[in-house]
Amino acid sequence: MKTMVVKIGSSTVVQPGSGVRRAFLADLARQASELRSLGWNLVVVSSGAIACGAPALGFKARPSDMPSLQACASVGQCALSAAYDEEFRQHGLTTSLVLLTRNDTASRSSYLHARDALTRLVELGVVPVVNENDTVAVDEIRFGDNDTLAALVSCLAGADLCVTLSDIDGLYTANPSLDPSARFIAQVERIDAKILASAGDSSSSVGTGGMITKLRASRILMTAGIPSVIASGEAPDALVALARGEAVGTRFVPAREPADITPRKLWIALGDAAHGAVTVDEGAARALVDGGSSLLPVGITAVEGRFRAGDVLDVRDGSGFTLARGIAEADSDELELARGRRQEELAGNHLLRALSERPAIHRDNMIVFA
């Protein structure tokens, strides 16, 4: 059996002001049943708890304060889960609820436990419905958007395809709601700075993500060798068509020979939020991307944020484009003093001598994005 992860945005699963779109869920359950007959298991990453709970609590618009958002999530998650359960049971399918925060994947051991639980649910024929645990999540432990969560779940589940059903039918050269000349892009083989620049903001009033978060998630999936698709939630039989190999939406195609990404590197990419960032010069960027090298202090031109050795960092080029992510071998203060200095210079400085014998980020603890 193959595994498909489908991420459903708030505006697709919830009608603003009136709750869950039962007709959509009924059709999703029908497709899930047909997917099973085609040899595919389904995992759902569903937004919509807050959007579903807000009208039930009398809010006319999405609240802005954290306690109210958490209250809406608590009420809405019950209604959303019940709706999934009722519709999928009509087709003989059992659903389960999986709620995650960054804390559940912030250490490698907890990441692996989450992977084992999700894998076992799929093996048992269950359709897991995954969401961020917005009832207890605060900014420090939030994924922030379910596009990132869907990429994480795809890696945890060893998915063969990740599909994002949204309020737009795919990627365009510009935001089509603002630029009538924007052209549809049917296939993407590499997500570079130009592709990221084409991303517009979400047009939804109930969601938190936009095209940029979808592209960042697809970029990680491409690095992991998992194809992904962005398609309209209104497209008829989109999941079944994709399972049959038909073209729907924009497809992001991994390299024919994806890099050998270990579970540890996938955890670095997705399991924990970046605690800071380093900017590297052109030579260091080439060495990381083309040579698979470790990052030495000499190649660092700037250090951003406060972090400690062992924290996850983003690695950016001079334009601000994120090339990689890795685990820092030193604190931010130490790297700030060591940046731009050669190993022999560090060896002669008693404060920085330890960094003369190790890189700023070791290649074994770094994932370079495709």
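In the list (1) 59, 24, 16; (2) 34, 27, 17; (3) 38, 22, 20, the label attached to semi-axes √(5λ) of the Cα gyration tensor in Å as derived from the coordinates here is (3).
Pop the C-beta distance of Asp290 and Arg353 into the FRET formula with R0 = 30 Å and round what comes out to the nearest 0.05. Calculated value: 0.50.
State whether the range 1-122 is rounded, prolate or oblate according to the following rule on the C-alpha gyration tensor (a ≥ b ≥ c being the square roots of its eigenvalues): a/c under 1.5 gives rounded; otherwise a/b larger than b/c gives prolate, and the remaining case gives oblate. Can you show the working numbers first?
Numbers: a/c = 2.57, a/b = 1.23, b/c = 2.10.
Since a/c reaches 1.5 but b/c is at least a/b, the shape of the range 1-122 is classed as oblate.
With θ taken as phi - 60° and the Karplus curve 6.51 cos²θ - 1.76 cosθ + 1.60 applied, the whole-hertz 3J(HN,Hα) list for the range 69-85 is 4, 5, 5, 4, 5, 4, 6, x, 5, 4, 5, 5, 5, 4, 5, 4, 4 Hz, x standing for glycine and proline. Taking every protein chain into account, the accessible area of the chain amounts to 44 square angstrom per residue (probe 1.4 Å). The fraction of accessible area contributed by carbon and sulfur in the range 276-364 is 44 percent, rounded to a whole number (1.4 Å probe; ligands and nucleic acids excluded). The per residue volume of the convex hull around the alpha-carbon atoms of the range 1-43 is 50 Å³.
Backbone phi angles across the range 219-231, fed through the Karplus curve with coefficients 6.51, -1.76 and 1.60 (θ = phi - 60°), yield HN-Hα couplings of 5, 5, 4, 4, 4, 7, x, 10, x, 9, 9, 10, 9 Hz in residue order; Gly and Pro are listed as x. Axis of helix 22-37 versus longest Cα principal axis of the chain: the two differ by about 70°, to the nearest ten degrees. In order along the range 322-338, the phi-based Karplus estimate (6.51 cos²θ - 1.76 cosθ + 1.60, θ = phi - 60°) of 3J(HN,Hα) comes to 7, 8, 7, 9, x, 9, 5, 8, 8, 5, 4, 4, 5, 5, 4, 6, 8 Hz; Gly and Pro are listed as x.
The values are calculated or read from the model by the stated rules, or taken from the named source; none is laboratory data. Only a predicted model underlies this, so the values are computations on that prediction, with no experimental measurement involved. Heads up, the Cβs are rebuilt from the backbone with ideal geometry, glycines too, and the neighbour counts pull from every protein chain shown. All accessible areas refer to the heavy atoms of the entire protein, side chains included, with ligands and DNA or RNA removed. Shrake-Rupley method; radii C 1.70, N 1.55, O 1.52, S 1.80 Å.
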